[in-house]
Amino acid sequence: MSHRILVVEDDAAIMANTLRVLRLEGFEADSACDGLEALQRIELQKPDLILCDIRMPRMTGDELLDHLRARPDLAQIPLIFATASAEPSGRSERILRGAVDYLVKPYDFKVMLGAVRKLLVGLPGGTRDGV
Amino acid sequence: MNDHASHNEAAERRTDLAHRALLQHSERIRTMVECSHDAVVTIGEDGLIESWNGRAETLFGWSAAEAIGVPLSELIIPPAFRAAHDQGLARFLKTHTGQVINRTLEVMALNKVGQEVPVELSIWPFRSGERYVFGSFIRDVSARHRAEAQLRRQAEQSIRHRDSLLELSRLPKMHFAQTLDHILAIDARTLEASRVSFWRFLPDQRSIVCERLYRADPAASGDTTGEVLSERDFPDYFSAMASARPVVADDACAHPDTRAFASAYLRPNNVVSMLDTGVWFQGRITGVLCHEMLGCGRAWTLDEVDYANAVASMISLSLEASSRAQAEQETLRSLAREKELSEVRARFVSIASHEFRTPLSAIKSSVELLKDYGDRLEVAEKAEILGTIDAYVTRMTGMLDQVLQLGRADAGRVEFNPASLDLPALCRKVMDEVSAPNTGRHCMVLQANGDLRDVSLDARLLHTMLSNLLSNAVKYSPEGGQVTVSLARTNTGVTVSVADEGIGIPVADQLRLFESFFRARNVGQITGTGLGLAIVKRAVDLHGGSISLASGQERGTMFVLALPA
């Protein structure tokens, strides 16, 4: 069984491309178009990792992170932010709030995949594809 | 006997000589007394006048014939002091001492017409046979008193002027109008002038206007505030001012510099005396400080002219201080404006960079997919990814165009050229352009109230406003919805409203709706840059118009433009 990654992103094209790459690399990938939909999906099925945009309608990535960290059963799911916001303080702020990594768009898929794999090493459930 | 006879003769001659010498001596004394510049008066123990010299006649007005034999106290001592005089005389006769004896003192004396005259008096008693005679020298000191009073008045005036100038120098001088009011009031009080006014030169330097007036008694004098006097009518006065010469007119109707004012200004305002000095600022005359005496004349003293000049300098100082304070405030204001602008710019750059990263990210991920995974993708997938690249490049180009439009508007580089145009025709054209790519998906309706075929608006800006509002109306409303454009004439111009039946705008988002890159929270997957309404707002501002909206979530939206035309 391969690792399950939830992609939270409001831009349809970026979402489609990210899902394609993750699936081609052997991951199970689910999608949610904002924080609220992501929460609903997580309740149904816990992912191994979340790749999450920040600025989204209805519920932002920051709000989603706060919700997860407040829930003991969900607090341990690693979350990587992927954002178009290039504020210098953005990264350290999010790491302090509990994100495990912070990618600035546009990023190389190689960089994103490297960050994902680093986190999933050693987690149960990994099969092939370098995990 | 001969000896004896000659002895007698010699004795007679000696007696005769002595007698003549005595007579001569007495004559000399009498002449001296008569010619004395002091009045010399003697009285007996009974207080009656016994001698009265010529100077006494001129000083008191009584002749010797009238005075001799009359009690001194009744003739020249003011009633209030008569009792004291009589008591003093009686005490001396009893004790042979007195407070006024052998001293010089100043007292008031009475002359024939009943005026009191200040005199310096010395009394010396001497024995004449068995009785006392009192002689006195009496000197008229009224001239000296007048001079002293004059000196005292001058000293007091100097002190008053100095105190007043000190008070003026301590006034805060940041706000000219306030300071000026204080200065004029203090000046009027110090010089006891009826009116003190400040007249300012108009920019052409050829007329002065009364900017501020202080009236000691507002009920008794007219208000000249706002009155204008021109060099053309009063050349002598203006040339005096231009040469920095104060105008000191005790009789203003006769003074060469001010007599021209007589019929138009002085007489109607009851002005008798004037004292005017120029107020200079940055090397040129900027105003006139004007003192006026109403009703009665005034002989202005040199000290008063000096004081008036000093007050004029205070007004110059106040002008300078207030203009400096004003300049400082303007600098602060423009700094604040600059700071605000640079903050707006920084915010714009930050948001813009964020907004550009999203389409760039879509394009980059598409390119990477095609490059690294191309061999594992289906043909249809590849086509879809290429389509994404194309769509996002188009979107970015549109955003760049809009950013440039905004930048041009913010830099004031968008021209406003209103010209006569046919408003309904222009609306129809834009409606066609917007509905063409969406043929038949919306029902577009145009309503026009009144004749709008000749209104003065900027056609290019109007096109921008309408196409943005219409494409929003189409974009954010369901297929088959109606979009209504209504036009109406108003008293001041036209109103253009664009109404749709779409998703609406949450009330909470309506305030920020016209900010760059702001998009309402309910836009969902509908793409947009958040720049369209910011551009519309600027076009409305250029027209000097206003934009308002009525909307609620899921209740449609109506934008109303009110444009002067």
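The values are calculated or read from the model by the stated rules, or taken from the named source; none is laboratory data. All figures in this text were calculated on a predicted structure; none of them were measured in a lab. Because the Cβ atoms are built from the backbone with ideal geometry, glycine has one as well, and the counts that use them run over all protein chains shown.
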In the stretch B:217-226, anything touching a residue at least 24 places away in the same chain (Cβ under 8 Å) and either surrounded by 18 or more Cβ atoms within 10 Å (Cβ to Cβ) or farther than 15 Å from B:GLU292 by Cα (or both) is listed as B:SER221, B:THR224
Read through the list (1) more than 54 Å from the chain's Cα centre (by Cα); (2) within 14 Å of another protein chain (Cβ to nearest Cβ); (3) of a type in the set (S, T, N, Q), then give the number of the only condition that B:SER471 fails. (2)
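Each row is one residue, and each column tells you yes or no for (1) out of contact with any strand residue (DSSP E or B) (no Cβ under 6 Å at 6 or more places or on another chain); (2) touching a residue at least 60 places away in the same chain (Cβ under 8 Å); (3) over 23 Å from B:ILE526 (Cα atoms); (4) not basic (Lys, Arg).
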| site | (1), (2), (3), (4) |
| --- | --- |
| B:SER365 | yes, no, no, yes |
| B:LYS371 | yes, no, yes, no |
| B:GLU378 | yes, no, yes, yes |
| B:ILE389 | yes, no, no, yes |
| B:GLY412 | yes, no, yes, yes |
| B:PHE416 | yes, yes, yes, yes |
| B:ALA419 | yes, no, yes, yes |
| B:ASP432 | yes, no, no, yes |
| B:THR464 | yes, yes, no, yes |
Regarding the stretch A:85-93, can at least one residue be identified that is touching a strand residue (DSSP E or B) at 6+ places or on another chain (Cβ under 8 Å), assigned to a helix (DSSP H, G or I) and at pLDDT below 95? yes
Extreme residue, nearest to A:SER85 (Cα to Cα), among residues of the stretch B:341-359 that are at the interface with another protein chain (Cβ under 7 Å from one of its Cβ atoms) and crowded, with 17+ Cβ neighbours inside 10 Å: B:HIS354
Which residue, of A:LEU6, A:LEU22, is buried (at least 21 other Cβ atoms within 10 Å of the Cβ), touching an Asp or Glu at 6+ places or on another chain (Cβ under 6 Å) and not in a loop (DSSP other than H, G, I, E, B)? A:LEU6
Members of the stretch A:19-35 that are within 24 Å of B:ASP390 (Cα to Cα) and under 11 Å from the mean Cα position of the chain (by Cα): A:SER31
Give, as residue ranges, the helices (runs of 4 or more DSSP H) completely inside the stretch B:3-90 that count at least 2 residues that are without any contact (Cβ under 8 Å) to a residue 60 or more places away in the chain and touching a Gly at 6+ places or on another chain (Cβ under 9 Å). B:72-76
Matching entry among B:SER365, B:SER322 (being under 30 Å from B:THR190 (Cα atoms) and touching a helix residue (DSSP H, G or I) at 6+ places or on another chain (Cβ under 7 Å)): B:SER322
Residue that is nearest to B:THR464 (Cα to Cα) [pool: residues in the stretch B:514-549 that are within 12 Å of chain A (Cβ to nearest Cβ) and in a helix (DSSP H, G or I)]: B:VAL523
Would you mind finding the one in B:GLU378, B:GLU433, B:GLU415, B:GLU384 that is more than 14 Å from chain A (Cβ to nearest Cβ) and under 29 Å from A:ASP11 (Cβ atoms)? B:GLU433
